[in-house]
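Asks: Next up is a structure, given as structure tokens.
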Amino acid sequence: MAPTDEDRTTGQPGLRERKKRETRAALSLATIRLCVLHGWAEVTVDRIAAEAGVSVRTFRNYFSGKAEAIASTHLERMLRVGDDLLARPADEPLWDALLHAVLGQFAPQGSSGPQDERWRAGVRLMLAEPALAGEIVKASAAAEEALADAVARRTGTDPRADVYPKLVAAVVSAGSAVAVQHSLRADTTAPLRDVLTETFEQLAAGLPVP
């Protein structure tokens, strides 16, 4: 059977689309790793391609440059959150399903605790790079749109006509970002998994005043 962009039975991405997403993710992660360890100015597209084991042409087929490659990580991760959300048991409460989906992509069970301070400092410097700002905004908008589609399918709502799936997607995106930023602080040792769990528990409870 020829691969399709979407499995018509499950609604999940088909083989061809999964392969493309895997390549994008590998290039994006290679870019992040090099920029965190060596600094933004020291990393070239040639170096990224070599790290990922592909040609520069292949990199250019996916990304215009380092900034787009780095920002793509957020989009790819949220696409997988949407896939995981749709695969969760149908009778599971929405916010429980969302927590499990987010944890599975941001902080899988068995993953290590917080990275060492050198790595976290490198991530903070990378995220402060002005060239990233515009690409992160674009990636976040695309990620929220894709997640809203998944939420709509899960809840039987319309992602175009109804506010609910778009609101949920925006809240998940913001909550995940806040948790990641908190875990990167120099004065915290809390593992990302714990911060995400606390964040989504508070969201599910309606953000009660502490």
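The values are calculated or read from the model by the stated rules, or taken from the named source; none is laboratory data. Note that this is a predicted model, so its numbers are computed, not measured. FYI the Cβ positions are ideal-geometry reconstructions off the backbone, even for glycines, and counts take in every protein chain you see. Ligands, DNA and RNA are excluded from the accessible area calculation, which covers all protein heavy atoms including side chains. Shrake-Rupley method; radii C 1.70, N 1.55, O 1.52, S 1.80 Å.
Asks: For segment 55-69, which residues satisfy the criterion of being open to solvent by less than 50 Å² (accessible area, probe 1.4 Å) and not in a helix (DSSP H, G or I)?
Replies: Residues satisfying the conditions are F63, G65.
Asks: Can we say L192 is more than 18 Å from the chain's Cα centre (by Cα), closer than 27 Å to P89 by Cα and surrounded by 17 or more Cβ atoms within 10 Å (Cβ to Cβ)?
Replies: On the way: more than 18 Å from the chain's Cα centre (by Cα): no; closer than 27 Å to P89 by Cα: yes; surrounded by 17 or more Cβ atoms within 10 Å (Cβ to Cβ): yes.
It is false that L192 is more than 18 Å from the chain's Cα centre (by Cα), closer than 27 Å to P89 by Cα and surrounded by 17 or more Cβ atoms within 10 Å (Cβ to Cβ).
Asks: Output the qualifying pairs, or none if there are none: Cβ atoms under 7 angstrom, residues six or more apart or on different chains, first residue in segment 47-58 and among the basic types (K, R), second residue surrounded by 15 or more Cβ atoms within 10 Å (Cβ to Cβ).
Replies: So the pair list comes out as R47/L34.
Asks: Right, next: Restricting attention to segment 21-39, report how many residues are more than 15 Å from the chain's Cα centre (by Cα), open to solvent by 50 Å² or more (accessible area, probe 1.4 Å) and touching a residue at least 40 places away in the same chain (Cβ under 8 Å).
Replies: Qualifying residue count, segment 21-39: 1.
Asks: If you go through segment 22-38 one residue at a time, do you hit one that is of a type outside the set (A, V, I, L, M, F, W, C), in a helix (DSSP H, G or I) and more than 19 Å from R77 (Cα to Cα)?
Replies: Taking segment 22-38 first, the residues of a type outside the set (A, V, I, L, M, F, W, C) are 22-24, 28, 31, 33, 38.
So of that shortlist, the ones also in a helix (DSSP H, G or I) come out as 22-24, 28, 31, 33, 38.
Going one step further and asking which of them are more than 19 Å from R77 (Cα to Cα), we end up with 38.
Yes; the residues of segment 22-38 include at least one that is of a type outside the set (A, V, I, L, M, F, W, C), in a helix (DSSP H, G or I) and more than 19 Å from R77 (Cα to Cα).
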